[in-house]
Amino acid sequence: MADHEFRIDSDSPANKELMFWRIVGHEALARPSAYELTVLSKNRALDAKDILGRAFDVVIEFQDADGGKHERHCQGHAVRFVRAGHVGRHFEYRITLRSWFWLLTKRANSRILQEKPVLEVMDAVFEDSPIKRFKKTKTDNVLGTHNPRRYCVQHQETDYQFISRLLEDEGIYYWFDAHDAPGTMHLSDASDMAHEKLPVADTLRHAGSDASEARYNEISRWVSARHFHTGKHDSRDSDFKAIKKKLGAVIDVPGGHELAGLEVFEFPGGYFTGDDAENRAKLRGDELNARRDRHWALTGWPDVAAGRSFKFAGDPDGASDGDYIIAACTFMASHPGYESVAAGAVEQPVYAALSDVLRDDAVNADTLQVLEELIAGTPTLHTAQPGTSAFLLTVIPVERPYRAPRLTPRVTMPGPQIAIVVGPAGEEIHADKFGRVKVRFQWDRYNDGDENSTCWVRVSQPWAGKGWGGYFIPRIGQEVIVDFLNGDPDRPVIVGRVYNDDQAIPFESHTQSGFRTRSTPKGGVANFNEFRFDDRKGAEQVYLHAEKNLDSEVEADETRDVGHDRTTKVHNNETLEVDADRKTHVKGHFSETIDSGEDRTVHAGFDEKIDGGEKRQVVGGMKETVNGGMDQTINGGEKRVVSGGLDETISGGETRTVNGGMTETVNGALTQTVTGATNITSTGPMTITAPAGFTVIAPGGNKFIDQFFEKTGATYSYKYGVVFGVVGLKTEQGACSQGNYATKFDASLCKIEHRALFIQSKGTDLRTGGISLKTLGPDIKAAAITMIT
């Protein structure tokens, strides 16, 4: 059809020098529009800087059947400029145009966005880009629920890839309308409601058997195809916050074939809740179903454009009549020619012209094949004669929800990343109840390194059980190694920690290993707990340091074997409590020094056995209280030296048995007070020596001396009898009267004969010449005896 006019609108300084010759274009859902514009110019040296980056709008002006004029726009930015030679007296140039969204393929970035729905993510990328001045979007037809993404990472991918994969994952697609507000990016997730009818003629009819006679709003060729695809989609995922909960969904996809049991299993599914799982399953089913049936139509009607809908009628067999959405439009249109151009010089194969633009996208493989078949079956379209226009449409039924195929590859992290643990200002530890922390990656240019830098990141631990295992929280400022589950940048996990020049290793020697912590908050280099091993040969050591308290709890036995010396120093109090028996065996010498007092309480019996000697020195006072009886047996000798006084009080009786001899020396006076009777019994001789005198005081009661004793030359005055009382010793003697009184001795079994003085009794011999007193019992010698009654 030759009734087209072409106009080039551009902000390029060279625009007035450009003459339209031909345009080849490809417009599609979920893809930026692409055009290759061929122009002629009398200027043989157009400057590329006047072309590249400039906005161009190629306007195709056409008339309807009633002569009404209409416009169709092909808008984009110049991204490629080629000097292609010359045609006649004109020079040929080729300019590749792309929609403004495509410009984001030239900007790669790394960033983190949190708690934003996909459209807000997209706006954030646009606002940060130089192309924001070109941005025109319309989102009225995004009707579904798109939950905020907890954590969304762009890593070393272009802005175009980042936005494209998010939109594909969410089931949102876009197109650039060639009629309404050219250059506007329309977005939708509801294909049955979003697509406006063709503005001029919303019904396209099949031209019938003679395609060469096709009129403006007719379709000359129609091709239908049905594709074999899987019959089921099964996806699974997991959420550590509900680890036992099955998270997944299965959806059947009608396939129209006998092998519907074939399924696609996908893990991870990219969701965290059951509702998200169901929504994503439906999206994946729609995506598969949208590719099942495809139709292609060939027309010369310029009104057609991707993203518009129309009614198809007049199918020869009636099977394809109905409403369709134009999913893609690949076209070529050329100017009728210029006087200075030879007619044969402008011919170009249509297939070559269209296929060049289609080859840029793998999704067009089927369209390329159909195009080749259509061209082969339509001889009039073999070459692009001047004034030729051809529009190849890829269409899908309106009633079938459209979802863009997920062709943009997901970013897979190439390996672990380095990050620094971050948190609120003034804090040293910032973690949640799951032990997760926040980090700032080295490539993150947008966050300030505070608690908002990333999502909460899980931390790998040496062991993780149900309330047991290892637990070490990375602290703010420490460098960590972050890996990613399934390579997904949105699922980071800390797998290690490393030292750097700011965070030095804790030990000076490389033979040492272990753990050293830091007291917090505001702990210094001297505030730490430590558990260290030293493997230096000959100086091996295990070292444990507690900055404050050390608590050890052993529920059963504890065994320690110290091969050499052991030293324990307690700078303050020590308490030892043993619920059962305690046994200490010292094979060598035992030395114990107590600088202050010692209190020892034994609630039951106390047995102490010393096989050798015992030496005890008490520098200060010593107090010993025995509330019950006390038995003390000394098989050998006992020597006790008391430098000061000795006070001994026995509230009850005392019995002392000495199997051998007993010697008691008192260097000073000896006073004994007995409040009761005193009995002294000696089965052998008893001698009392008192050089200074011997006094017996017995104010009342009887006084008996069982045997009289007298020393020659002594003078005695006896008024009354005498009773000697010594504890443990009893001496009984009869009354004695001497001087003016007659002498009378009353003694049991005693006979006294008096000659000068001769007293003889059984077992007693008293002789004077001095006094000699002999008895089987006591032997008493005294220089003087005074008896006072």
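The values are calculated or read from the model by the stated rules, or taken from the named source; none is laboratory data. Note that the structure is a prediction, hence the values are computed from the model and not measured. Positions of Cβ are backbone-derived with ideal geometry, glycine not excepted, and every protein chain shown enters the neighbour counts.
Which one of 493, 525, 498, 482 is exposed (fewer than 13 other Cβ atoms within 10 Å of the Cβ) and under 30 Å from residue 154 (Cβ atoms)?
One residue alone meets the criteria, 498.
Given the criteria under 26 Å from residue 397 (Cβ atoms), among the hydrophobic types (A, V, I, L, M, F, W, C) and surrounded by fewer than 18 Cβ atoms within 10 Å (Cβ to Cβ), does residue 260 qualify?
Values: under 26 Å from residue 397 (Cβ atoms): yes; among the hydrophobic types (A, V, I, L, M, F, W, C): yes; surrounded by fewer than 18 Cβ atoms within 10 Å (Cβ to Cβ): yes.
It is true that residue 260 is under 26 Å from residue 397 (Cβ atoms), among the hydrophobic types (A, V, I, L, M, F, W, C) and surrounded by fewer than 18 Cβ atoms within 10 Å (Cβ to Cβ).
Go through region 14-54 residue by residue and tally those that are within 60 Å of the chain's Cα centre (by Cα) and either buried (at least 18 other Cβ atoms within 10 Å of the Cβ) or assigned to a loop (DSSP other than H, G, I, E, B) (or both).
Restricting attention to region 14-54, the residues satisfying the condition of being within 60 Å of the chain's Cα centre (by Cα) are 23-37, 47-54.
The next check asks that each one be either buried (at least 18 other Cβ atoms within 10 Å of the Cβ) or assigned to a loop (DSSP other than H, G, I, E, B) (or both); those that pass are 23-37, 47, 51-54.
Result for region 14-54: 20.
Give me a count of the residues in region 125-154 that are β-branched (Val, Ile, Thr) and within 14 Å of residue 276 (Cβ to Cβ). Write out each step before concluding.
Residues of region 125-154 that are β-branched (Val, Ile, Thr), as a first pass: 125, 131, 137, 139, 142, 145, 153.
After this cut, where a residue has to be within 14 Å of residue 276 (Cβ to Cβ) as well, the list is 145.
The qualifying residues number 1.
Is it fair to say residue 127 is at negative phi, within 36 Å of the chain's Cα centre (by Cα) and surrounded by 14 or more Cβ atoms within 10 Å (Cβ to Cβ)? Don't jump to the end; show me each part of the working.
Numbers: at negative phi: yes; within 36 Å of the chain's Cα centre (by Cα): yes; surrounded by 14 or more Cβ atoms within 10 Å (Cβ to Cβ): no.
Judged against the criteria, residue 127 is not a match.
Going through region 228-241 one residue at a time, which ones are in contact with a Lys or Arg (Cβ under 9 Å, 6 or more places away or on another chain), assigned to a loop (DSSP other than H, G, I, E, B) and of a type outside the set (Asp, Glu)?
228, 229, 238 - these are the residues of region 228-241 that are in contact with a Lys or Arg (Cβ under 9 Å, 6 or more places away or on another chain), assigned to a loop (DSSP other than H, G, I, E, B) and of a type outside the set (Asp, Glu).
For region 287-306, enumerate the residues that are out of contact with any helix residue (DSSP H, G or I) (no Cβ under 9 Å at 6 or more places or on another chain), closer than 30 Å to residue 247 by Cβ and surrounded by 21 or more Cβ atoms within 10 Å (Cβ to Cβ). Walk me through how you get there before you give the answer.
First pass over region 287-306, keeping only residues out of contact with any helix residue (DSSP H, G or I) (no Cβ under 9 Å at 6 or more places or on another chain): 288-289, 291-293, 295, 297, 299-306.
Still in the list and also closer than 30 Å to residue 247 by Cβ: 288-289, 291-292.
Within region 287-306, 288 is the sole residue that qualifies.
Suppose we filter 477, 514 for residues that are touching a strand residue (DSSP E or B) at 6+ places or on another chain (Cβ under 7 Å) and within 30 Å of residue 564 (Cα to Cα); which single one remains?
On the way: 477 fails: within 30 Å of residue 564 (Cα to Cα).
Exactly one of 477, 514 is touching a strand residue (DSSP E or B) at 6+ places or on another chain (Cβ under 7 Å) and within 30 Å of residue 564 (Cα to Cα), namely 514.
Would you please list the contacts, defined by Cβ atoms under 8 Å and residues six or more apart or on different chains, that run from a residue in region 174-202 that is closer than 21 Å to residue 98 by Cα to a residue that is in a loop (DSSP other than H, G, I, E, B) and polar (S, T, N, Q)?
Filtered contacts from region 174-202: 176/99; 176/184; 177/184; 183/99; 185/99.
Which of the residues spanning region 84-110 are in a strand (DSSP E or B) and within 60 Å of the chain's Cα centre (by Cα)? Break it down stepwise before answering.
Our first condition is that a residue be in a strand (DSSP E or B); within region 84-110, this holds for 84-87, 90-98, 108-110.
Matches in region 84-110: 94, 95, 96, 97, 98, 108, 109, 110.
For region 406-428, how many residues are charged (D, E, K, R) and not in a loop (DSSP other than H, G, I, E, B)?
Taking region 406-428 first, the residues charged (D, E, K, R) are 406, 410, 427-428.
Next cut, not in a loop (DSSP other than H, G, I, E, B) only: none.
Within region 406-428, residues that are charged (D, E, K, R) and not in a loop (DSSP other than H, G, I, E, B) number 0.
Would you point out which residue out of 72, 44 is under 22 Å from residue 13 (Cα atoms) and modelled with pLDDT under 95? Spell out the reasoning first.
Values: 72 fails: under 22 Å from residue 13 (Cα atoms).
44 is the lone residue from the list that is under 22 Å from residue 13 (Cα atoms) and modelled with pLDDT under 95.
Just one of the numbered conditions (1) assigned to a loop (DSSP other than H, G, I, E, B); (2) farther than 30 Å from residue 651 by Cα; (3) among the β-branched types (Val, Ile, Thr) is not true of residue 625; which one?
(2)
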